[in-house]
1. Within a Cβ distance under 15 Å of residue 62, other residues only, what is the Lys/Arg minus Asp/Glu net charge?
2. Over region 25-122, what is the relative contact order in percent, taking alpha-carbon pairs closer than 8 angstrom and at least six residues apart?
3. Using a 1.4 angstrom probe on heavy atoms only, work out the carbon and sulfur share of the accessible area of region 26-122 in %.
Amino acid sequence: QARGLGLPNHTASLRTYSDCGGSDFLAKELVRLLSSRCSSDAEREAKIVENIQPFCRQSGTDFNAVLAMYTKELCDGNRNNPKVLLEAASLSRLCTGSARCDVALKVLRAALLCNEQPPALS
């Protein structure tokens, strides 16, 4: 199913599936792939809800945990990129429960350390 959503062959194979993190890793990489192809928050949210949530349900993967992993990577690896922080903020809105607060807090902390604070996060 991940291949059908556009996951490239070089990301993972059956041979490396367990070593790379299994379905959690595949779901996170699918979020990365779909999110990077979107031109707006609304499009990003729609594509992820339409494609990644069903993938997570089928594979027994926690959707909130996947979004938390990906936004953590975004925030840790791109502290001075306001565009990336805004992408992470839009993903936090898809989380539910305490995960939403955890992810939003991670984004806000990263925004505070950003040299060029995004207006939406300041």
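1. Working: positive: 28, 57, 72, 100; negative: 24, 102.
Here the count lands on +2.
2. On the way: 105 pairs, mean separation 25.6, N = 98.
Across region 25-122, relative contact order equals 26 percent.
3. Values: 2580 of 5010 Å².
With neighbouring chains kept in place, the figure for region 26-122 is 51 percent.
The values are calculated or read from the model by the stated rules, or taken from the named source; none is laboratory data. Quick caveat, the model's predicted, so the values are computed rather than measured. Note that we place each Cβ from the backbone using ideal geometry, even for glycine, and neighbour counts take in every protein chain shown. For accessibility, only protein heavy atoms count, side chains too; no ligands or nucleic acids. Shrake-Rupley method; radii C 1.70, N 1.55, O 1.52, S 1.80 Å.
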